[in-house]
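Colleague: Quick one: structure below, then a few questions.
The values are calculated or read from the model by the stated rules, or taken from the named source; none is laboratory data. Please read all numbers here as calculations on a predicted model, not as lab measurements. Please note: Cβ atoms are built from the backbone with ideal geometry, for glycine as well, and neighbour counts cover all protein chains shown.
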Amino acid sequence: MPKKPPTPTCLAEPSIRLSARGVARLQARHPWVYRSDITEEKDVPPGAVVRVLDSRGKFLGTALYSSSSQIAIRMISHGSVSDLPGLVAERIRAAIAYRKELVRNTDACRIVFSEADFLPGLIVDRYNDVVTLQILTQAMDAAPVRDAVLQTLREELQPAGIVERVDARIRELEQLPALSSRLLWGEKSSTVINMNGGHTNGGNMNGGMTGGEGSNAVRFHYDALEGQKTGAFLDQRENYAAAAEHAHGEALDAFCYQGGFALHLATKCASVTGVDSSRPALEMAERNALLNGRELEWIEGNAFDLLREYAAANRRYDTIVLDPPAFAKTKRDLEKALGGYKELNLRALKMLRPGGVLVTCSCSFHVGASDFLGVVADAARDAHKSLRLVENRGAAKDHPILLNVPETSYLKCLILIVSN
Ligand code: SAH
């Protein structure tokens, strides 16, 4: 029987071949293949949808290609893809359905988390009635894909504004034309969000853009065209509530940014001090305190120096939160990062009263969960304290973890009680 001719879409799509190591990565369900594992790529345009083949030409699935990144392809399907914008829209709807199922008591959460939602290169966050998006790869930057993203978000979430937040460095690395952060749709780019409202219609993720104002919700100003990164504190949302559950007495929130932990602690503690090196972050923290009718103390300074000084001056606290920026940006920084975490945790432990609560976080992907536990255990040993681990936590559920994609798991948050 004569062979069926390939369909035109097959002909139109470029294909690439992988080395055995590249194939093994895909078989292990990791979506990335590095350029060094591509054995054949002919005239593949930047951002193309490519058919992925093994060395013998066996079809393995469909991927998004980048001409500039070391991660040359990111898998998008184990089958064929004839309509990428349609597939992106479908995946966004699935990501929203997942949040509706799992996210409670907030009107702010991550809607799409790139690989973890099978949409490599796309991040979408919802802040009440403002939606932000970030595009990180050539394929997601293509006009038909952008249109599909925008239209789906408008239909499904009916926001008052959609803002694109641009990471200039990433666009440069991806060899994409420079852009600035801007409103893409609607007229609103700043709003007030409500989280951890608990009861009274506590703002479950719903199709509309209302809710979240549970009677005890903590409120924050959000401005999509300012701030350090999109969703700076969404991944900590459930940890704020967990920290507040255990917090008491006099509290210190080191690396407080705009007051995420501090304002939650204030619902339980007699006094709360927040420390950060960024003045704009503290100015926003104070505005957030006013919004919640709370009085907190904010100190602008280097948290390392301040903890050292306070520990030397025998200051005491009942609750301390440590949430520093990522110390290990690459694997090579690991030893230094572990040293940094050890020092911070040691100082904090010295200042905690018996029965005190330590909430200690690491958002460095390169510092694994067991490395981090080890470092805190070392600090406890050096501080001559016994610590009880009451909660071993990660990012909130709207930041899903794919078991075979370690990069999707980065945040560690331990809640410990000092026994003596
Ligand atoms: N806990 C915050 C997020 C912290 S992000 C929240 O949940 O919202 C890390 C913060 O550390 C940033 O606000 C940054 O300004 C601050 N920072 C970085 N280096 C610092 C230092 N040496 N001392 C104090 N703050 C620092």
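Colleague: Give the residue that is farthest from residue 306 (Cα to Cα), with candidates limited to residues of region 246-266 that are in contact with an Asp or Glu (Cβ under 9 Å, 6 or more places away or on another chain) and more than 10 Å from the ligand (Cβ to nearest atom).
Modeller: 246
Colleague: Quick check, is residue 24 among the aliphatic types (A, V, I, L, M), surrounded by fewer than 19 Cβ atoms within 10 Å (Cβ to Cβ) and touching a residue at least 60 places away in the same chain (Cβ under 8 Å)?
Modeller: So residue 24 fails the test.
Colleague: Which ranges mark the strands (runs of 3 or more DSSP E) fully within region 267-333 that have 2 or more residues being away from the ligand (no atom under 15 Å from the Cβ)?
Modeller: Fully inside region 267-333 and qualifying: 317-322.
Colleague: Got at least one residue in region 239-256 being on the phi > 0 side of the Ramachandran plot, in contact (Cβ under 8 Å) with a residue 60 or more places away in the chain and in a loop (DSSP other than H, G, I, E, B)?
Modeller: For region 239-256, residues on the phi > 0 side of the Ramachandran plot, in contact (Cβ under 8 Å) with a residue 60 or more places away in the chain and in a loop (DSSP other than H, G, I, E, B): present.
Per-residue answers, yes or no, for (1) within 19 Å of the chain's Cα centre (by Cα); (2) closer than 12 Å to residue 254 by Cβ; (3) modelled with pLDDT of 95 or more; (4) surrounded by 19 or more Cβ atoms within 10 Å (Cβ to Cβ):
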position	(1), (2), (3), (4)
320	no, yes, yes, yes
323	yes, yes, yes, yes
326	yes, no, no, no
332	no, no, no, no
345	no, yes, yes, yes
349	no, no, yes, yes
361	yes, yes, yes, yes
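Colleague: May I pose another question? Residue by residue through region 392-404, note down the ones that are under 18 Å from residue 322 (Cα atoms) and away from the ligand (no atom under 16 Å from the Cβ).
Modeller: Matches in region 392-404: 392 only.
Colleague: I've got another one for you. Quick check on my filter: what residues within region 27-80 are of a type outside the set (S, T, N, Q), assigned to a loop (DSSP other than H, G, I, E, B) and in contact (Cβ under 8 Å) with a residue 40 or more places away in the chain? Give the steps one after another, and end with the answer.
Modeller: Here is the first cut: in region 27-80, the ones of a type outside the set (S, T, N, Q) are 28-35, 37-38, 40-54, 56-61, 63-65, 71-76, 78-79.
Going one step further and asking which of them are assigned to a loop (DSSP other than H, G, I, E, B), we end up with 28-31, 42-48, 54, 56-58, 78-79.
28, 29, 30, 31, 46, 47, 48, 57 - these are the residues of region 27-80 that are of a type outside the set (S, T, N, Q), assigned to a loop (DSSP other than H, G, I, E, B) and in contact (Cβ under 8 Å) with a residue 40 or more places away in the chain.
Colleague: Within the bounds of region 351-359, is there any residue that is outside any strand (DSSP E or B) and in contact (Cβ under 8 Å) with a residue 24 or more places away in the chain? Walk me through it before giving the result.
Modeller: Within region 351-359, the first condition is being outside any strand (DSSP E or B), and the residues that meet it are 351.
Add one more test, that the residue is in contact (Cβ under 8 Å) with a residue 24 or more places away in the chain, and what stays is 351.
Scanning region 351-359 turns up at least one residue that is outside any strand (DSSP E or B) and in contact (Cβ under 8 Å) with a residue 24 or more places away in the chain.
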